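Just below is one structure, and these are the notes that go with it.
The values are calculated or read from the model by the stated rules, or taken from the named source; none is laboratory data. Given the structure is predicted, the values throughout are model-derived calculations rather than measurements. Cβ placement follows ideal geometry from the backbone for every residue including glycine, while neighbour counts extend to all protein chains displayed. Accessible surface areas use protein heavy atoms only, side chains included; no ligands, DNA or RNA. Shrake-Rupley method; radii C 1.70, N 1.55, O 1.52, S 1.80 Å.
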Amino acid sequence: MTVKVTLIPGDGIGPEVSAATQKVIMASQAPLEWEVVEAGEACIAKYGTPLPEQVLETIRRNKVAIKGPITTPVGKGFRSVNVSLRQQLQLFANVRHLRNLPNVPSKYQDVDIVVVRENTEDLYAGIEHNVGNQAAESIKVITREASERIGRYAFELARREGRKRVTIVHKANIMKLSDGLFLESVRNVARDFSDIECEDRIVDALCMNLVQTPEQFDVLVLPNLYGDIVSDLVAGLVGGLGVAPGANIGEMGAVFEAVHGSAPQIAGQNIANPLAMILSGVEMLKYLGFAKEAQRVEKGVYHVLTHREYITPDLGGTSGTQEMALAIIESMEA
């Protein structure tokens with residue numbers, strides 16, 4: 001049976017890496033049908049918003065989407081489309097499987113960490129206001145319901161993937177009420193998973209531990225802000241955001257995404273690395289139950305990474321975006 005998937009190409013290099021990803025995923029022979037919709041900067045002039053309602057409607061209808069990078073202005077302008085998608089669609093779990101890949105430069109080896117980040121609250125709830133013209137306040141919201149939900153997701157993922165340990169990340173030594181509630185809530189969930197080791201780390205100590213001995217960690221579960229920072233840190237341990245797949249999972253659907261920026265300075269030059277979005281496509285195939293097709297794409301990616309002439313300049317090669325995608329497809333078929 002054909003599965004319809006929403007595709008959001010995005011801004012900057014988004015359309016290029018999206019086109020490459022679409023070709024690779026279709027070559028896997030997964031029975032997908034694509035519904036392409038626009039979101040991002042280009043939509044503002046046309047619709048008055050970077051996230052038109054029809055985008056949300058198609059994702060709600062199809063239940064699954066994959067998106068390229070979308071520009072987020074710093075300090076002004078429209079609110080992050082990524083955050084809006086997660087909140088409006090209640091995609092409560094941001095999940096990144098981060099591991100070393102063949103021939104991708106890294107100072108570390110044997111890193112294989114899943115970062116599970118609560119996606120809907122914390123400081124990213126966006127509740128802030130000015131206090132006169134001399135101060136501003138942001139309100140940090142942590143609820144037991146959301147904390148237990150993300151904790152259960154992390155432990156269920158660990159059990160499903162045969163992982164041994166979940167580390168709860170917090171700053172409960174200082175924020176005793178909010179982070180204390182997060183820690184308590186996830187610990188309560190851990191009691192239902194006696195087969196999986198549970199520990200906790202204070203977030204600043206965790207960051208030090210990650211750059212010293214990252215191989216000791218398995219699954220990390222974090223509130224929203226720490227999760228955003230730590231997931232990028234772990235991506236840096238395995239080669240950067242250009243090789244980091246991303247998924248946002250909710251009870252009614254999922255949005256998969258390349259987590260790097262839109263890189264407008266290289267847009268249209270056919271030199272952007274498409275791996276992050278292709279690997280996000282692999283995660284999407286697994287989510288949809290197309291395990292064999294996902295393995296086929298991974299095989300192509302791993303083969304191409306061992307041949308420098310097929311990879312993009314940021315990875316040390318000389319290939320273009322679309323040429324790298326075609327090389328992956330040829331390797332899948334070999």
Checklist entry - How large is the accessible surface per residue of segment 177-326, computed with a 1.4 Å probe and reported in Å² as a whole number? => result 39 Å²
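How would you order 203-210, 21-28 from highest to lowest mean count of nearby Cβ atoms within 10 Å?
21-28, 203-210
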Checklist outcome for this item: Contour minus Cα-Cα span, TYR302 to ASN188, at 0.36 nm per residue, comes to 37.1 nm
Checklist entry - Can you tell which of VAL189, VAL255, LEU85 lies farthest toward the positive end of the dipole of the chain, using +1 and -1 charges on the Cβ of basic and acidic side chains (Lys, Arg; Asp, Glu)? => result VAL189
Checklist outcome for this item: In nm, the gap between the two label points placed 7 Å beyond Cα toward Cβ at GLU330 and MET175 is 5.0 nm
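Counting only protein heavy atoms, what percent of the accessible surface of the chain is carbon or sulfur at a 1.4 Å probe?
Ligands and nucleic acids excluded, carbon and sulfur give 52 percent.
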Item to check | Where labels lie 7 Å past Cα in the beta-carbon direction, separation of VAL36 and THR213 in nm | outcome: 5.0 nm
Checklist outcome for this item: Cα-based Rg then Dmax for segment 271-333, in Å, read 11.4, 35
Checklist outcome for this item: Checking rank on 32-39, 138-145, with mean other Cβ inside 10 Å and highest first, the result is 32-39, 138-145
Item to check | Diffusion constant of segment 75-140 at 25 °C, which comes from Stokes-Einstein with the Kirkwood Cα-pair radius and 0.890 mPa s, µm²/s | outcome: 163 µm²/s
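Given R₀ = 41 Å, FRET efficiency for MET26-ALA136 by Cβ-Cβ distance, to 0.05?
About 0.30, to the nearest 0.05.
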Checklist entry - How large is the dipole of the chain about the Cα centre if only Lys and Arg carry +1 and Asp and Glu carry -1, each at its Cβ, rounded to the nearest 20 debye? => result 320 debye
Next on the checklist: Residues of segment 267-303 with the amide nitrogen closer than 12 Å to a label point 7 Å from the Cα of LYS63, along Cα-to-Cβ, please.
Outcome noted: 288-289
Checklist outcome for this item: Diffusion coefficient in µm²/s returned for the chain by Stokes-Einstein, Kirkwood Rh over C-alpha pairs, 25 °C and 0.890 mPa s, is 120 µm²/s
Checklist entry - With charges set only on the Cβ (+1 for Lys and Arg, -1 for Asp and Glu), what does the dipole of segment 121-221 come to about its Cα centre, in debye to the nearest 20? => result 180 debye
Item to check | Shape category assigned to segment 230-312 from the gyration tensor of Cα positions, a/c cut at 1.5 | outcome: oblate
Item to check | Gain in span if fully extended, GLU251 to LYS107, counting 0.36 nm per residue against the direct Cα distance | outcome: 48.1 nm
